[in-house]
Structures are given as C-alpha cells and as structure tokens.
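**Q** Structure incoming, see below.
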Amino acid sequence: MPASYETLLVERRNRVAIITINRPEKRNALNIKTREEGAAALDELRADEAIGVVVFTGAGDKAFIAGADIAEFAGRTALTQRDVMLARSLFNAIDDFPKPVIAMVNGYCLGGGCELALACDLRIASETASFGQPEINLGIIPGGGGTQRLTRLIGEGKAMELILTGDLIDAKTAYTLGLVNVVVPASDLEAKTMEIANRIADKSPVALRMAKEAVKIASRSNLDEGLRREVDLFALCFSSEDKDEGVTAFLEKRKPQFKGR
Ligand code: COA
C-alpha cells in the first residue's frame, strides 16, 4: 500500500513516478514537512523496482517551487538553522538517488526550488517558468547547493550574476545558459516530460544507475580519477543480465527486455 503524504502527491504512471509538491497557496514553498516527506517518498520509490524514473513538479500553474518557506526563517537561531540543514537533505537525496530524477518546471523556480531542480538530472521547463536565486534579497545566500551546483552547471560568471543580483530569468534565457534541457509551451510540458521520462525508464536500470553515478563523478573529482572510476563502472555493467540482453538483442535485431539485474 503506497504511503500518503500531507504536502506531496505521489502518482505512478507505468515506470514513472511523479512527486508533486502540493502547497500551491504558498507557491509550493519547501517547509520542513515537505522536505521530510520528499525524502521519505524517495525512500519508497528507491525500493520500488517497478519505478525507473522520478519526476518532481509543483501543484498549480504558478509555481514549481518558490524556495524555502521563508516563514520558517523568522526567529530561527543560527544553530537551529544549521541543524535543519545538516539533517538529511532532500537536495542530496535527489542527487544520490540511484534512478534518474527529472524536474518538470511549471512556474516560479526560485531559491530552494532552483536548488531542487539543480539536484535533478534533467530540467524540462514550461515557457512560463522563471528561475532565480533571490536569497540575497533576504540578506542570506543559497544554502541548498545553489552556490555549488549552479556554478558547476552554468559557470562562475553567470552563477555569480544570478546569486549577487537575485534577478529572475525566463525559461528561454535559462535554456541558453544550459540551466534547463528543454523548453516547451505550458500546454505541452507534461506530455513532453512524460515522453522523455518513459523513454529513459525503458532503458536498463543497472546501466542508468552506473551512468548517473559516472557523470556525477565528473564534477567531484579530477580527470584521472574520473576516467578510472568510469572504467570500473563500465566494467560493472558486464556483471548484469541487462548487458547480455542488450548486446544479444542488438545482434538478434530485436528490442531488448531489460530486467534491472
Ligand atoms: N516562503 C513562504 N511563503 C511563500 C514563499 C516562500 N518562499 N513564496 C510565496 N509564499 C507565499 C506568500 O507569502 C503568499 O502567502 P499569503 O497568501 O499567506 O500571503 C503566497 O505564497 C502567495 O504569494 P504571492 O507573493 O502573493 O504570489 P505571487 O504569485 O504574486 O508571487 C513569487 C510569487 C514566488 C514571485 C513571490 O511569492 C516571491 O517572491 N516569493 C519568495 C521567493 C524567494 O525569495 N525565494 C527564496 C527563499 S530563500
């Protein structure tokens, strides 16, 4: 029996699970409960062999996620804030998740919302989406990986500009910066995202896991170490039935049936 959540909706469509942050009246701002439930939903989906890809989105047509819940910042001490952030991070849970995670960005993607999207493997945006790290306007800085993941993705100059000005950019600009992979009209967002998610979910879960892990190593190690670990992960694929099936299916000119083993 799938778990139910207060601040999230979790829907399964074939091999794709969609996690919808469901606080539209607060523009899907991430409060402590949402973060805890997001991490719990990922735990549930990690263990579910029927699920190959996870999609994050926001409820309503205004926001993907408008950032951390600013109301929770009021009156909070530095030590409490540190404890909250060092407790299990939803952003890191997405980053470390062994299956591909896609952000389906349907509106404001700000602060912690942008950081959540950055922790995902792909970002697919509606033309109506906007992106930014506006923390500077609150007298704080990005704390969920924004200064690190954004910089690695779009380079120091543009990341610095977004973080120092707090300015928002539209989806097309985000696309030109490499912050999003695909931009589509709002009416096509779900169909396009599901088309990509289903296509990925058809691949070998073993190879997807190794591929995600290998690509992530690139921004966390030097080239020699990354190349060495790529060889190890490549070789590890040879221990899977999926590799035998993929190679045999190619040679037999048929579609492979991957089992995730
Ligand atoms: N934290 C807590 N509440 C938030 C929120 C956030 N990050 N973003 C929006 N909300 C709340 C508003 O306080 C408001 O609540 P209320 O109806 O109880 O007053 C509700 O969501 C709607 O927000 P509103 O500003 O009226 O909606 P909008 O569509 O005109 O503007 C935004 C949307 C996202 C541009 C605007 O809400 C905003 O700038 N939010 C803060 C973004 C931010 O700084 N994020 C980084 C946080 S570290």
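**Q** Sorted by average packing, counted as other Cβ atoms within 10 angstrom per residue and highest first, what order do 195-205, 53-63, 97-107, 68-78 take?
**A** Listed from highest to lowest mean packing, they are 97-107, 53-63, 195-205, 68-78.
**Q** Just to confirm the filter: which chymotrypsin sites (Phe, Trp or Tyr not before Pro) across the range 193-257 are DSSP coil and have at most 11 other Cβ within 10 angstrom of their Cβ?
**A** Working: sites: PHE234, PHE238, PHE250; in loops: PHE238.
Sparse-neighbourhood loop chymotrypsin sites (Phe, Trp or Tyr not before Pro): PHE238.
**Q** Right, something else. For the chain, what ratio Rg/Rh do Cα atoms give with a Kirkwood hydrodynamic radius? Intermediate values should be presented prior to the final figure.
**A** Details: Rg = 18.8 Å, Rh = 19.2 Å.
Reported Rg/Rh (Cα atoms, Kirkwood Rh): 0.98.
**Q** Given N residues in the range 136-261, what is its alpha carbon radius of gyration divided by 2.2 N^0.38 Å?
**A** Values: Rg = 19.4 Å, N = 126, 2.2 N^0.38 = 13.8 Å.
Relative to the rule-of-thumb radius for its length, the range 136-261 sits at 1.40.
**Q** In addition: In terms of modelled amide H atoms, which long-range or inter-chain residues lie less than 5 Å from the amide H of TYR108?
**A** Here ALA63, PHE64, SER130 satisfy the definition.
**Q** Follow-up. Could you tell me how far the Cα centroid of the range 164-237 sits from the Cα centroid of the range 75-116, in Å?
**A** Result: 17 Å between the Cα centres.
**Q** Starting from the 7 Å offset along Cα-to-Cβ, what nm value, one decimal, do you get for the label separation of VAL84 and ALA50?
**A** 3.6 nm
**Q** Could I ask something else about it? Rounded to the nearest 20 Debye, what is the dipole magnitude of the chain about its Cα centre when Lys and Arg each give +1 and Asp and Glu each give -1 at the C-beta? Each step should come with its number before you reach the end.
**A** Numbers: 34 positive and 37 negative charges, 64 e Å.
With only Lys, Arg, Asp and Glu charged at Cβ, the dipole is about 300 debye.
**Q** While we're looking at this one, here's another question. Could you work out the helix-only [θ] at 222 nm for the chain, with each DSSP H run of four or more residues adding -39,500 (n - 2.57) and the total divided by the number of residues, to the nearest 500 deg cm²/dmol? Could the numbers behind the result be given before it?
**A** Details: 11 runs with 113 residues, N = 261.
Calculated at 222 nm, the ellipticity per residue is -13000 deg cm²/dmol.
**Q** Just need the relative contact order of the chain here, percent rounded to a whole number, with Cα pairs under 8 Å and 6+ apart.
**A** Numbers: 462 pairs, mean separation 40.3, N = 261.
Reported relative contact order: 15 percent.
**Q** So what are the ³J(HN,Hα) numbers for the range 134-141, from phi and the Karplus equation (6.51, -1.76, 1.60; θ = phi - 60°), rounded to whole Hz, Gly and Pro as x?
**A** Calculated HN-Hα couplings, in order: x, 3, 4, 6, 9, x, 9, 10 Hz.
**Q** Take every Cα-Cα pair in the range 2-108 and report what % of them are more than 18 Å apart.
**A** Values: 2757 of 5671 pairs.
Beyond 18 Å sits 49 percent of the P(r) for the range 2-108.
**Q** Just grab the label-to-label distance for ALA235 and ASN137, each label 7 Å out from Cα along the Cβ direction, in nm (one decimal).
**A** 5.2 nm
**Q** Around ILE217, under 9 Å between beta carbons, what's the net of Lys plus Arg minus Asp minus Glu among the other residues?
**A** Value of the local net charge: 0.
**Q** Subtract the Cα-Cα distance of ALA74 and ARG13 from 0.36 nm times their separation in residues, and report this length gain in nm to one decimal. Could the numbers behind the result be given before it?
**A** Values: separation 61, 0.36 × 61 = 21.96 nm, distance 3.91 nm.
Going from the current span to full extension adds 18.1 nm.
**Q** To continue, here is another question. Net charge near ALA17, counting Lys/Arg +1 and Asp/Glu -1 over other residues with Cβ under 13 Å of its Cβ?
**A** Surrounding charge for ALA17 is 0.
**Q** Can you give the Rg and Dmax of the range 117-209 based on its C-alpha atoms, in angstrom?
**A** Using the Cα atoms of the range 117-209, the pair Rg, Dmax is 14.9, 45 Å.
**Q** Which net charge results when you count Lys and Arg as +1 and Asp and Glu as -1 among the other residues whose beta-carbon is under 15 Å from that of GLY260?
**A** Numbers: positive: ARG15, ARG46, LYS99, LYS203, ARG209, LYS212, LYS243, LYS259, ARG261; negative: ASP48, GLU49, ASP202, GLU241, ASP242, ASP244, GLU245.
Surrounding charge for GLY260 is +2.
**Q** Considering the options SER89, VAL184, GLY38, tell which one lies farthest towards the positive end of the dipole of the chain, charges being +1 on Lys and Arg and -1 on Asp and Glu at the Cβ, about the Cα centre.
**A** Most positive-ward Cα: VAL184.
**Q** Give me the percent relative contact order of the range 94-155, please, defined on Cα pairs under 8 angstrom at least 6 residues apart.
**A** Values: 85 pairs, mean separation 21.6, N = 62.
So the answer I get is 35 percent.
Laboratory data are not the source of any read-out in this text; all were calculated from the coordinates shown. Bear in mind the structure is a predicted one, so any value in this text is a computation, not a measurement. All Cβ positions, glycine included, derive from the backbone under ideal geometry; neighbour counts span all protein chains shown.
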